1. Please list, ordered by first then second residue, the pairs with beta carbon atoms under 9 Å, 6 or more apart or interchain, first in the stretch 32-52 and assigned by TED's automatic domain parsing to the domain that holds Ser390, second assigned to a loop (DSSP other than H, G, I, E, B) and hydroxyl-bearing (Ser, Thr, Tyr).
2. Which residue pairs have Cβ atoms closer than 8 Å, lie 6 or more positions apart in sequence or on different chains, and pair a first residue in the stretch 85-99 that is in the same structural domain as Gly256 (by TED's automatic domain parsing) with a second residue that is assigned to a loop (DSSP other than H, G, I, E, B) and surrounded by fewer than 21 Cβ atoms within 10 Å (Cβ to Cβ)?
3. Looking at Lys376, is it charged (D, E, K, R) and either touching a His at 6+ places or on another chain (Cβ under 7 Å) or at pLDDT 95 or above (or both)?
4. How many of the residues making up the stretch 112-159 are closer than 22 Å to Phe223 by Cα, within 18 Å of the chain's Cα centre (by Cα) and among the β-branched types (Val, Ile, Thr)?
5. Can you tell me which residue within the stretch 245-301, out of those that are at negative phi and basic (Lys, Arg), is surrounded by the fewest Cβ atoms within 10 Å (Cβ to Cβ)?
6. For residues that are part of a loop (DSSP other than H, G, I, E, B) and either in contact with a helix residue (DSSP H, G or I) (Cβ under 6 Å, 6 or more places away or on another chain) or more than 30 Å from Gly215 (Cβ to Cβ) (or both), tally how many sit in the stretch 1-34.
7. Select, from Gly358, Gly354, Gly348, the only residue that is farther than 18 Å from Leu423 by Cβ, in the same structural domain as Asp47 (by TED's automatic domain parsing) and buried (at least 17 other Cβ atoms within 10 Å of the Cβ).
8. Tally time: how many residues in the stretch 125-150 are part of a loop (DSSP other than H, G, I, E, B) and without any contact (Cβ under 8 Å) to a residue 12 or more places away in the chain?
Amino acid sequence: MLNRDDIYKLRKAHLGPSLSMSYDEPLHIVKGDGQYLYDSNGKRYLDAVNNIQHVGHSHPKIADAAEKQFKNLNTNTRYLDETIVQYAKALTDKLPEGLDVCFFTNSGSEANDLALRIARTITNSKETIVLGAGYHGNLSSLVEISSYKHEGPGGASAPDFIHTIPRPDKFRGKYRGDKTVDDYVGEVSNAIDNIQYNKNKVSVFIVESLMGCGGQIVLPKGFLKKSFKLINDAGGLNIADEVQIGFGRMGSNYWGFETCDVVPDIVTLGKSMGNGHPLSAVVTTKEIADKFNNGMEYFNSFGGNPVSCAIGNAVLNVIEDEALQKKALEVGNYLMNQLGALNHSLIGDIRGKGLFIGIELINNKEILSPATRESKVIENSMKDHGILISTDGPDHNVLKIKPPMVFNRENADELVYNLSSILNNFF
């Protein structure tokens with residue numbers, strides 16, 4: 001068996017250098033179990049950041065479903081198969097009425113790319129409205145619409161058919177405070193006006209209902225409801241990107257868009273959908289799916305294969321059987337309250353829903369300067385104390401907490417205790 005240093009050398013030699021690693025001193029993780037990861041020395045880490053392993057690392061019911069289906073059949077979708085149709089029905093039963101038709105893919109990036117293609121085909125336009133600091137995937141079409149990427153290191157400006165409105169951030173955004181909803185909706189209205197002034201047609205508005213890489217931003221109340229209506233009235237379609245936040249993580253609701261009292265035209269799903277297995281989907285209405293059926297076949301060699309669908313169905317069952325949405329609500333509220341009791345000058349804002357929480361760190365409460373360096377120190381120090389979190393946001397000054405859904409109150413106490421100790425000892 002290779003040791004840690006040998007693995008690191010091989011990684012440097014054979015993997016692309018733009019593939020980043022977490023933490024200043026990279027971890028050699030060899031085992032996962034529930035909400036815990038273990039390194040090659042047997043050290044246990046509380047995983048408070050891997051939302052992909054939605055129902056917990058190495059969940060036996062997920063592994064059993066994969067093994068059973070693999071031993072029986074795994075093939076593409078050109079044949080009749082019960083697994084895919086049963087899963088599609090179970091999945092759409094979790095969504096609002098009308099969102100009934102699935103296109104299965106392998107990653108959130110694939111799902112968002114296909115959703116864009118559907119919207120642009122139907123509207124016969126590429127004019128796309130997005131949020132500043134948004135992130136929707138790693139394909140070229142998605143880097144174009146993700147200012148988190150194209151405005152960051154190594155990025156280039158967006159094409160002229162991409163219209164970016166300021167990130168709807170009540171804390172450090174262009175407009176601040178609780179009464180900013182109409183200001184940010186006005187930015188969407190202005191983008192629509194600019195598109196139409198240039199004699200173009202609005203195609204699509206794609207948005208995370210709670211922004212992840214943008215800094216765990218909870219959108220101003222009413223922003224999506226008013227914005228979606230503007231888009232639909234202009235002839236465009238609305239895409240809700242649920243790749244990071246869906247499947248009960250919000251606690252109060254199964255889907256992020258439900259917390260904003262909207263029903264999108266298209267929903268994209270991924271990450272947690274397969275608990276680590278590559279599985280994602282686009283879900284839309286029958287009307288939109290029929291319009292997209294213009295003669296060009298949609299085929300995906302692996303999307304919707306029996307093994308993926310068996311795993312996806314097992315994930316839905318575990319969420320239900322183990323009451324994980326309820327746990328996300330109860331533990332998330334408890335964690336938010338415990339974090340809110342911390343009294344430290346670096347903490348500027350604590351926000352989130354369910355088990356999707358951000359702690360924004362600032363250096364000066366008057367000018368709200370981002371505490372980027374301090375956030376990095378805390379991220380690495382928490383790792384040294386056996387707690388895995390990450391930093392995000394445009395200034396990388398937001399501590400991001402999005403653990404597997406089996407995360408419990410004792411885990412929350414452990415996280416808060418260590419965070420408090422680090423804040424008080426280092427700063």
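The values are calculated or read from the model by the stated rules, or taken from the named source; none is laboratory data. This is a predicted model, so every value here is computed, not measured. Positions of Cβ are backbone-derived with ideal geometry, glycine not excepted, and every protein chain shown enters the neighbour counts.
1. Cβ pairs passing all conditions: Gly32/Ser58; Asp33/Ser58; Gly34/Ser58; Val49/Ser22.
2. Partner pairs satisfying both residue conditions: Thr92/Asp100; Lys94/Tyr254; Pro96/Val263; Gly98/Val263; Gly98/Thr285; Leu99/Val263; Leu99/Thr285.
3. yes
4. Summing the residues that are closer than 22 Å to Phe223 by Cα, within 18 Å of the chain's Cα centre (by Cα) and among the β-branched types (Val, Ile, Thr) in the stretch 112-159 gives 2.
5. Lys286
6. Taking the stretch 1-34 first, the residues part of a loop (DSSP other than H, G, I, E, B) are 1-3, 15-28.
Okay, now just the ones that are also either in contact with a helix residue (DSSP H, G or I) (Cβ under 6 Å, 6 or more places away or on another chain) or more than 30 Å from Gly215 (Cβ to Cβ) (or both), so 1-3, 23-24, 28.
Here the count works out to 6.
7. Every option except Gly354 fails the conditions.
8. Step one: filter the stretch 125-150 for residues part of a loop (DSSP other than H, G, I, E, B), giving 125-126, 132-139, 146.
Subsequent filtering for residues that are without any contact (Cβ under 8 Å) to a residue 12 or more places away in the chain retains none.
Residues meeting the conditions: 0.
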